[in-house]
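Data first, discussion second: the structure below is written as structure tokens.
The values are calculated or read from the model by the stated rules, or taken from the named source; none is laboratory data. For clarity, every value in this text was computed on a predicted model and none was experimentally measured. Here the Cβ is made from the backbone with ideal geometry for all residues, glycine too, and neighbour counts use every protein chain on show. To get the accessible areas, we keep the full protein, side chains included, count just its heavy atoms, and leave off ligands, DNA and RNA. Shrake-Rupley method; radii C 1.70, N 1.55, O 1.52, S 1.80 Å.
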Amino acid sequence: MSPVFPMLTVLSMFYYMCLRRRARTATRGEMNSRRAIESNTRALPINVEIVQYAKEVLDFSSHYGSENSMSYTMWNLAGIPNVYPSSGDFTQTAVFRTYGTWWDHCPSARLPFKRMPPTFCSQDYVELAFEEPVYPTAVHILETYHPGAVVRILACSANPYSQNPPAEVRWEILWSEAPTKVNGPQARQFTPCIKQINFPTNLIRLEVNSSLLDYYTELDAVVLHGVKERPMLSLKTSMIDMNDIDEDEDDEKYGCGMDTLNKQFSVVTLREWPTNGYFDKLPYELIQLILSHLTVPDLCRLAQTCKLLYQHCCDPLQYIHLSLQPYWARINDTSLEYLQSRCTLIQWLNLSWTGNRGAISVSGFSRFLKVCGSELVRLELSCGHFLNETCLEVITELCPNLQELNLSSCDKIPPQAFNHIAKVGSLKRLILYRTKVEQTALLSILNFCSELQHLSLGSCVMIEDYDLIASMMGAKCKKLRSLDLWRCKNITESGIAELASGCQLLEELDLGWCPTLQSSTGCFTNLARKLPNLQKLFLTANRSVCDTDIEELAANCTHLRQLDILGTRMVSPASLRKLLESCKDLSLLDVSFCSQIDNRAVLELNANFPNVFIKKSFTQ
């Protein structure tokens, strides 16, 4: 046989691979369904492109606004633009809770999990439903202030408006990129080049990372372009980069293409080798140290190579700290079942964002904790919408050593369920941001969990009397170091006095958007005098903060690092100068919308105190 034919076979296989790769990553221009696609000189019918704004916001991890209003909330992403193309700080936009790295440098900051995949950098998310399922051809994100936070766009196969839930829910990454620094805060329309997918969608998820931003990012609307019929690609493809062929592996390794993850967990058929090479000569502990740098999917793959590495990769010591958050789209009951034998010694577990839309059941979660909960010290369950009262009861019964519990944005847990948390007397950190915890349950928790050091009650709207809560904290939680009361609606100077008198170890206090606190009552002066260890103090949107309060902080809280007095009308540049001279460690000072602090004053302060980030926001 002529050698030409094998060569032709190889070339045809390579051409097929190129076309397959091109089909997945074709640019929007190549997928433009408004044009007829030519194949063998035969024109196909034109597939009309549908353009639609988000109909509804289904889920999100956090927002700056209140649960009872529209200002700065994620719900502003539904519908047509409110602000774009204007730039600036507008209440009609969607704003996440944090920005920059300030939250990583305060007393309440949590230690990060190790062995996280390098491509996963998402900090927050929002999920949007659209009217018509389409094959996406473009996604436009209208950013109106400090753009550049969006790092990932995903599409879901499930139709949120369908009466029949699908047997399997698939998520595909349309676009993903590391966070980038954008020059300037001006508005822009962000239209990344998205990947073609093989199913129609009307559920889009944005994931953001605001760590590089100088202020809160603000989003106005999301526009989904797509076609009803799956588009075909022209054979007139452009030159393909050879390096593109390998990128599928990365998608499967770190993205939502982890369809084989459960199979990797369960593989037990191993190759027989006469020796294990040089690994036989290495000490067991050294191999364990080497493998500790691998991600979970890499451990699963390596376990398939030989019996020696299988033994190492399945050793429970490799799973002392385990974060499954990067793989939220593929974690289900089966995944947890396969991991049970490996996680018998687990101490830190992160299941944040996982289990939604039926992926994790109450019984599956309970079975996992029954095997793996006895040594748990830290449990992260942020945005775990599968959680119910049974789950909290299981946690408190099967995790006797638990010290940290994060239920942030678990807004499906019924109010009465939180009573179970009071059984965990060893708790040192409890995050209840945006939950439905009620006053009776919270009082019980404070009474029995006297070891608490970090407590977050931000946006807990079902608590009726925050003064009573503050009084209980002052009486029972003497070790409290950080307290988040963001947007608590009814705390007064009486509650602040009880808190300051009883919790004198406080280093961080967030009283942002607490409208019932007035400087004229002396509450802020009292705080400054009673809490000399304060490093972070947020008095956001309290218009009554005055020079006297700032001068008391300068005199008594010399360790202050972060201060937010956005919106006050009573603070002058002179008092801020005293504060900056006294608080040598101050790194963040937010004076946005402070009527007496104009741009000239900010420039002068910046010139004299260059190590302090002084933020002055604006609206056009």
- [ ] Positive end of the charge dipole of the chain (Lys, Arg +1 and Asp, Glu -1 on Cβ, about the Cα centre): tell me which of 85, 50, 312 has its Cα farthest that way.
- [x] 312
- [ ] Please give the helix 466-476 orientation as an angle from the longest Cα principal axis of the chain, in degrees from 0 to 90, rounded to the nearest 10.
- [x] 90 degrees
TODO: Select from 446, 291, 409 the residue farthest towards the positive end of the dipole of the chain; place +1 on Cβ of Lys and Arg, -1 on Cβ of Asp and Glu, and compute about the Cα centre.
DONE: 291
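What size of dipole, in debye to the nearest 20, comes out for the stretch 51-227 about its Cα centre when the only charges are +1 on Lys and Arg C-beta atoms and -1 on Asp and Glu C-beta atoms?
Values: 11 positive and 17 negative charges, 104 e Å.
Value, rounded to 20: 500 debye.
Taking the stretch 503-619, how many lysine pairs are there with alpha carbons less than 18 Å apart, if each pair must be eight or more places apart or span two chains? Please report the intermediate quantities before stating the final value.
On the way: 536/578; 536/584; 536/615; 578/615; 584/615.
Number of lysine pairs found: 5.
What dipole magnitude, in Debye to the nearest 20, does the stretch 70-127 give about its Cα centre under +1 on Lys/Arg Cβ and -1 on Asp/Glu Cβ? Before the final figure, lay out each step's value.
Values: 4 positive and 4 negative charges, 63 e Å.
So the magnitude is around 300 debye.
If I stretch the segment between residue 416 and residue 109 completely, what's the gain in nm (0.36 nm per residue apart, minus their alpha carbon distance), one decimal? List each step's numbers first, then the result.
Details: separation 307, 0.36 × 307 = 110.52 nm, distance 2.87 nm.
That pair, residue 416 and residue 109, stretches by 107.6 nm at full extension.
Excluding residue 578 itself, what net charge comes from residues whose Cβ is under 11 Å from its Cβ, given Lys and Arg +1 and Asp and Glu -1?
Details: positive: 577; negative: 547, 551, 552, 581.
Residues near residue 578 contribute -3 overall.
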Task: Surface accessible to a 1.4 Å probe, per residue, for the residues of the stretch 322-435, Å² - done: 30 Å²
Task: Rounded to whole Hz, the Karplus (6.51, -1.76, 1.60) HN-Hα couplings of the stretch 63-77, x for glycine and proline - done: 7, 6, x, 8, 6, 10, 8, 9, 5, 6, 9, 5, 5, 5, 6
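Once every DSSP H run of n ≥ 4 in the chain is given -39500 (n - 2.57) and the sum is divided by its residues, what mean residue ellipticity at 222 nm do you get, rounded to the nearest 500 deg cm²/dmol? Please list the in-between numbers first.
Values: 16 runs with 155 residues, N = 620.
Result for the chain: -7500 deg cm²/dmol, rounded to the nearest 500.
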Task: Surrounding net charge for residue 71, when Lys and Arg each add one and Asp and Glu each subtract one, Cβ distance under 15 Å - done: -1
Open item on the list: Between 0 and 90 degrees, rounded to the nearest ten: what's the tilt of helix 547-556 against the longest Cα principal axis of the chain?
Closed with: 80 degrees
Task: Accessible surface of the chain [probe 1.4 Å, protein heavy atoms]: carbon and sulfur percent - done: 53 percent
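Evaluate the charge dipole of the chain about its Cα centre and quote only its size in Debye, nearest 20, assuming +1 on the Cβ of each Lys and Arg and -1 on the Cβ of each Asp and Glu.
Details: 58 positive and 66 negative charges, 125 e Å.
That gives a dipole near 600 debye.
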Open item on the list: If each residue of separation counts as 0.36 nm, what is the full-extension length gain between residue 397 and residue 280 once their alpha-carbon separation is subtracted?
Closed with: 37.9 nm
TODO: Report, to the nearest 10°, how far helix 389-398 tilts away from the longest principal axis of the Cα atoms in the chain, using its own Cα long axis and a range of 0 to 90°.
DONE: 80 degrees
Task: Average accessible surface area per residue within the stretch 51-227, 1.4 Å rolling probe, Å² - done: 36 Å²
- [ ] Calculate the spin-label point distance for residue 181 paired with residue 345, positioning each point 7 Å from the Cα along the beta-carbon direction, and give it in nanometres.
- [x] 4.2 nm
- [ ] Please identify every one of the chymotrypsin sites (Phe, Trp or Tyr not before Pro) in the stretch 550-620 that sits in a loop by DSSP and has no more than 16 other beta carbons within 10 Å of its own beta carbon.
- [x] 618
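Starting from the Cα-Cα distance between residue 55 and residue 193, subtract it from 0.36 nm times their residue separation and give me the gain in nm to one decimal. Write out the running numbers ahead of the final one.
Details: separation 138, 0.36 × 138 = 49.68 nm, distance 2.29 nm.
Full extension of this stretch gives 47.4 nm more.
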Task: Those lysines that a straight Cα-Cα span of less than 26 Å connects to residue 412, excepting residues fewer than 8 apart in one chain - done: 55, 370, 423, 428, 436, 489
Task: Candidate lysines for bridging to residue 281, where Cα separation is under 22 Å - those fewer than 8 sequence places away on the same chain excluded - done: 307
TODO: Can you list which of the chymotrypsin sites (Phe, Trp or Tyr not before Pro) found in the stretch 333-419 are DSSP loop residues with at most 12 other C-beta atoms within 10 Å?
DONE: none
- [ ] Counting only heavy atoms of the protein chains, get the accessible area per residue of the stretch 503-619 (1.4 Å probe) and round it to a whole Å² value.
- [x] 41 Å²
TODO: Taking the Cβ of residue 472 as the centre, find all other residues whose Cβ is under 11 Å away and add up their charges (Lys, Arg: +1; Asp, Glu: -1).
DONE: -2
